[in-house]
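One structure is given here, and the rest of the page talks about it.
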Amino acid sequence: MLLGCHIASLFSPKVRTMMRGHADTWRKLRKLSGRDRYVWFHAASLGEFEQGRPLMERLRRQHPEKKILLTFFSPSGYEVRKNYDGADLICYLPIDTPLNARRFVKLVRPEAAYFIKYEFWRNYLDTLYRRGIPTYSVSSIFRPGQVFFRWYGRRYARVLHHLTHLYVQNESSRQLLRQIGVTQVTVVGDTRFDRVIDIRNAAKPLPLVERFAGCWKVLVAGSTWQPDEDLIIPYFNAHDTLKLVLAPHVVSEEHLRQIESKLRRPAVRYSAATPKSVAEADCLIIDCYGLLSSIYRYATMAYVGGGFGVGIHNVPEAAVYGVPVIIGPNNQKFREARALIECGGCREVRDAADFEREMNTFLTDREELRRAGKAAGDYIRGGAGATAMIMGD
């Protein structure tokens, strides 16, 4: 794997960034005093970080004397969260080799380690096990197709026995693990629910968005890509009783101009908005990052993008506000989206006709809008509590 990364770094800026980050990790770790012991949290990228964040923040509140180490595998996680103030030390996790694992654990001296969701690095887990360091897998989820449950993966599956405990998202994961003799398992759900509830509770008021929304029915479309926008914008253009907040996943000048060229009703970018311009606009384009989780509070209904390509983005982030959510068809691997569809809080659309039908229902049937929104909010509240169970509250 190490050789492959070095070769890939010749062609990929992302891999080059990661490899430089690994070198910087050793520089940071060599400066450690050798007296402190860290509680170590490892996340592959941003999504896993959000699942681990409630655990880190609860640990910080309950044990402010403890040091927290946060590691990432992906540059897309580290580069965004390298200044996160909830950890004392943030760095990349070096490639999983026996030498790196022994060296890393010796320098950090962790008193406990938490690996988020899909992170099962064999050499690190073996090293932690041999040193008697409590190690946990949290918010993990298992499926029959994973290597652990294949005949050729049984040897690798032994690493799961080295974990002190696995806190999994659902009962089917527990049953799969039981089939291979892994029994130190508790079903607690997904810490992401605790995180989105924390975000909702801390959501900041946005006066410009509030003025824009007024008493209108508002569709908040978040993390959208072009295929999502090709459904949303024509419908919005044709329905003058609806306002639209559009927060594209890619905020580039080219993409923003592409969106604006398709709009047939007055629009304004958030960065250029004034109280007067938002009051006169029918579409508010969010051309910056970090606001979407607060903006969903102004939605009558929400659309979460990515379902016509890379896979849907953060559905619970919208559903926590008790509004119905619409998503595209690429949602099969997203447990919370499937569960929201089953309970009626989320609707899947496959084309423009589906989207028009669902939107028309929500705009004209007040009771169905209320029922679907309540189902969404109830599902999120019902899934909360994983953090308290993992931390032993």
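The values are calculated or read from the model by the stated rules, or taken from the named source; none is laboratory data. In this text, all values refer to a predicted model and were calculated from it rather than measured experimentally. Glycine gets a Cβ as well: all are built from the backbone with ideal geometry, and neighbour counts include every protein chain shown.
Residues in the stretch 237-247 that are without any contact (Cβ under 8 Å) to a residue 60 or more places away in the chain and more than 28 Å from the chain's Cα centre (by Cα): Asn237, Ala238, Asp240. A single member of Arg150, Arg143, Arg122, Arg158 is free of Cβ contacts under 8 Å to residues at least 40 places away in the same chain, surrounded by fewer than 14 Cβ atoms within 10 Å (Cβ to Cβ) and under 21 Å from Gln184 (Cβ atoms), and it is Arg143. The set of residues in the stretch 248-273 that are touching a residue at least 24 places away in the same chain (Cβ under 8 Å) and among the polar types (S, T, N, Q) contains only Gln258. Among the residues of the stretch 286-331, the ones that are part of a strand (DSSP E or B) and in contact with a Leu (Cβ under 7 Å, 6 or more places away or on another chain) come to 3 in all. Considering the stretch 124-157, and only residues there that are at pLDDT 95 or above and of a type in the set (S, T, N, Q), the residue that is nearest to Gln179 (Cα to Cα) turns out to be Ser137.
If Asn170 passes every condition in (1) surrounded by 13 or more Cβ atoms within 10 Å (Cβ to Cβ); (2) at pLDDT 95 or above but one, which one does it miss? Among (1) surrounded by 13 or more Cβ atoms within 10 Å (Cβ to Cβ); (2) at pLDDT 95 or above, the lone unmet condition for Asn170 is (2). The residues on offer are Asp393, Asp365, Asp354, and the sole one that is farther than 20 Å from Glu229 by Cα and modelled with pLDDT of 95 or more is Asp365.
Out of Leu69, Leu10, I need the residue that is assigned to a loop (DSSP other than H, G, I, E, B) and either at pLDDT below 90 or over 19 Å from the mean Cα position of the chain (by Cα) (or both). Which one?
Among Leu69, Leu10, only Leu10 is assigned to a loop (DSSP other than H, G, I, E, B) and either at pLDDT below 90 or over 19 Å from the mean Cα position of the chain (by Cα) (or both).
Checking Ala213, Ala247, Ala221 one by one, the residue that is of a type in the set (Gly, Ala, Ser) and farther than 26 Å from Asn330 by Cβ is Ala213 and no other. Scan the stretch 288-302 for residues that are of a type in the set (Phe, Trp, Tyr) and within 15 Å of the chain's Cα centre (by Cα) and report the count. Selection size over the stretch 288-302: 1. Among the residues of the stretch 103-115, write down those that are buried (at least 19 other Cβ atoms within 10 Å of the Cβ) and either free of Cβ contacts under 8 Å to residues at least 12 places away in the same chain or out of contact with any Ser or Thr (no Cβ under 6 Å at 6 or more places or on another chain) (or both). Listed by number, the residues that qualify are Phe104, Val108, Pro110, Tyr114.
Listed by first and then second residue, the pairs with beta-carbon distance under 8 Å, at least 6 apart or on different chains, first residue in the stretch 195-214 and closer than 12 Å to Arg297 by Cβ, second aromatic (Phe, Trp, Tyr) and part of a loop (DSSP other than H, G, I, E, B), are Arg200/Tyr321. Regarding Leu242, is this residue surrounded by 19 or more Cβ atoms within 10 Å (Cβ to Cβ), closer than 28 Å to Gly52 by Cβ and in contact with a strand residue (DSSP E or B) (Cβ under 6 Å, 6 or more places away or on another chain)? Against the criterion (surrounded by 19 or more Cβ atoms within 10 Å (Cβ to Cβ), closer than 28 Å to Gly52 by Cβ and in contact with a strand residue (DSSP E or B) (Cβ under 6 Å, 6 or more places away or on another chain)), Leu242 does not qualify.
Which one of these is among the basic types (Lys, Arg), out of contact with any Phe, Trp or Tyr (no Cβ under 7 Å at 6 or more places or on another chain) and touching a residue at least 24 places away in the same chain (Cβ under 8 Å): Arg192, Arg174?
Testing whether each residue is among the basic types (Lys, Arg), out of contact with any Phe, Trp or Tyr (no Cβ under 7 Å at 6 or more places or on another chain) and touching a residue at least 24 places away in the same chain (Cβ under 8 Å) leaves just Arg192.
Considering the conditions (1) in a loop (DSSP other than H, G, I, E, B); (2) closer than 28 Å to Arg192 by Cβ; (3) among the acidic types (Asp, Glu), Glu79 is excluded by exactly one of them, (1). Taking the listed residues Arg338, Arg357, Arg350, Arg381, the one that is assigned to a loop (DSSP other than H, G, I, E, B) and among the charged types (D, E, K, R) is Arg350, with no other qualifying. Step by step: first the residues of the stretch 85-101, then only those that are surrounded by fewer than 18 Cβ atoms within 10 Å (Cβ to Cβ) and within 19 Å of Leu59 (Cβ to Cβ), then the one that is farthest from the chain's Cα centre (by Cα). Which residue is that? Among those residues, the one meeting the criterion is Asp88.
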